[in-house]
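Student: Structure provided below as structure tokens; questions to follow.
The values are calculated or read from the model by the stated rules, or taken from the named source; none is laboratory data. Because the structure is a prediction, the values reported are computed rather than measured. Here the Cβ positions follow ideal geometry from the backbone for every residue, glycine too, while neighbour counts run over all protein chains shown.
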Amino acid sequence: MKKQALKYMLRNFCLLLWPTSHFRTNRSYLGSFKNWREMLKMRPMIRYDGVYRCKMRYLRDGLSYTSKYNPIFEVISYKYIRFMRSGQTLSLYTTHAPKKVFPRVKHGMLKTQLGLSSQQYESYSSDL
């Protein structure tokens, strides 16, 4: 009885994490998992409760009119991406540090910020 209840619970949890209405899956990919527990551990998933952040850093040559040595600048920028359960993504490319951006990363607030792009996505599990 306990084993059957655990199997039912894991199945429902997997269906909650990967709703079939938003995700297309390849049957052979799903068949590669032995059971629901293995699927839960091994299948990649998108997190909806937070923000993905990518920090980019590069060096840029500067120009000096008063010295024979040109300065070198370190440029740091960030790319923020948030996935919504509705299938929408919000992305922002900025030079602002996470301390300034994370408090504002809410669905309604991001729409008014400069540089925001919004897109629909569709995930294919076999491609992840």
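Student: Determine if the stretch 42-52 includes at least one residue that is free of Cβ contacts under 8 Å to residues at least 24 places away in the same chain and within 20 Å of PRO98 (Cβ to Cβ). Outline the logic, then answer.
Tutor: Residues of the stretch 42-52 that are free of Cβ contacts under 8 Å to residues at least 24 places away in the same chain, as a first pass: 42, 49.
From what is left, the residues that are within 20 Å of PRO98 (Cβ to Cβ) are 49.
There is at least one residue in the stretch 42-52 that is free of Cβ contacts under 8 Å to residues at least 24 places away in the same chain and within 20 Å of PRO98 (Cβ to Cβ).
Student: Can you confirm whether the stretch 55-69 contains a residue that is part of a loop (DSSP other than H, G, I, E, B), within 18 Å of the chain's Cα centre (by Cα) and hydroxyl-bearing (Ser, Thr, Tyr)?
Tutor: no
Student: Additional query: I need every pair where a residue in the stretch 89-101 that is without any contact (Cβ under 8 Å) to a residue 24 or more places away in the chain has its Cβ under 9 Å from the Cβ of a residue that is assigned to a helix (DSSP H, G or I) and of a type outside the set (Phe, Trp, Tyr), sequence separation at least 6 or different chains.
Tutor: THR94/LYS100; THR94/VAL101
Student: Across the stretch 69-125, what is the total count of residues that are exposed (fewer than 11 other Cβ atoms within 10 Å of the Cβ), small (Gly, Ala, Ser) and modelled with pLDDT of 85 or more?
Tutor: The number of residues fulfilling the criteria is 0.
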